[in-house]
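What follows draws every value from the coordinates through simple rules; no lab data is involved. Worth saying up front: this structure is predicted, and the values here are computed from it rather than measured. Heads up, the Cβs are rebuilt from the backbone with ideal geometry, glycines too, and the neighbour counts pull from every protein chain shown.
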Amino acid sequence: MTTSLPPQTIGIIGSGNIGGALARALTRAGHRVVIANSRGPASLAPLVTELGELATAGTVEQAAQAGELVVVTIPLGAVTGIPSALLDGRIVIDTNNYYPARDGHIAELDDESLTTAEFVARHFAGATVVKAFNHIPALHIAEHAQAAGTPDRRALMVYGEDAAAVARVSALIDELGFDAVAGGGLYRDQ
């Protein structure tokens, strides 16, 4: 884990396994988080108490507007329930994977005409979407984090169309204890 990034406020939409694990890692690294879920801020009181003064419970709107970086870590089927313009101008870190049993069937994903990243990027067309943290179990975010330069440090893939956004998310991944590997763009035809 490195400490090269200045503290920032990061919105987190979703307080499940990945959202909670990222909130813990981000606050440990000195960042403020505004975390939201579908049940409302009051339901987040235990998590916010655990995280301490760097965490605030908010509405989805408050988390979306909290900072330039917003983690969207909700069931993929719920993504379209967030007004797309709410994240305009933000860097959206998309952690989603598609599970039809949880998300309901999404025709474009079932017929493979879109990837999950394309689905999210299409919905949040005014945002810069970066795909990351979708291939690590939540427990490993804390358990596998290691200092930069550690031999055999775990690597996480990062995908995105905007090089500056990918670099910014990659720096955050490094700070949280993982090597970031740029995997290319979001779109399958690249």
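What to note about this one:
- Normalised Debye scattering of the chain at q = 0.12, 0.13, 0.16 Å⁻¹ gives log10 I(q)/I(0) of -0.53, -0.63, -0.98, counting only Cα atoms as equal scatterers and leaving out solvent.
- Taking GluC sites (Glu not before Pro) across the stretch 93-190, the ones in a DSSP loop with at most 14 further Cβ atoms lying within 10 angstrom of their Cβ are 112.
- Overall form of the stretch 55-144 per C-alpha gyration tensor (a/c, 1.5; a/b vs b/c): oblate
- Vicinal HN-Hα couplings computed from phi for the stretch 101-107 (Karplus, 6.51 cos²θ - 1.76 cosθ + 1.60; Hz; Gly/Pro x): 5, 8, 8, x, 7, 10, 3
- Net length available on complete extension from residue 142 to residue 182 is 12.2 nm, with 0.36 nm assigned per residue and the Cα-Cα distance removed.
- Label-to-label distance, nm, for residues given as residue 157 and residue 80 (7 Å Cα→Cβ offset): 2.5
- Simple rule: put +1 on each Lys or Arg Cβ and -1 on each Asp or Glu Cβ in the chain, find the dipole, and look at 166, 16, 29; the Cα lying farthest toward the positive end is 29.
- Annotation: the antiparallel percentage among DSSP beta bridges lying fully within the stretch 85-190 is about 20.
- FRET efficiency for residue 62 and residue 28, using Cβ-Cβ distance with R0 set to 35 Å, rounded to 0.05: 0.95
- Between the amide H of residue 186 and those of 160, 161, distances stay under 5 Å, these residues lying 5 or more places away or on another chain, with hydrogens modeled in the peptide plane.
- DSSP bridge orientation in the chain - percent antiparallel, rounded to nearest 5: 10
- Compactness of the stretch 1-106 was expressed as the Cα radius of gyration divided by 2.2 N^0.38 Å, which yields 1.04.
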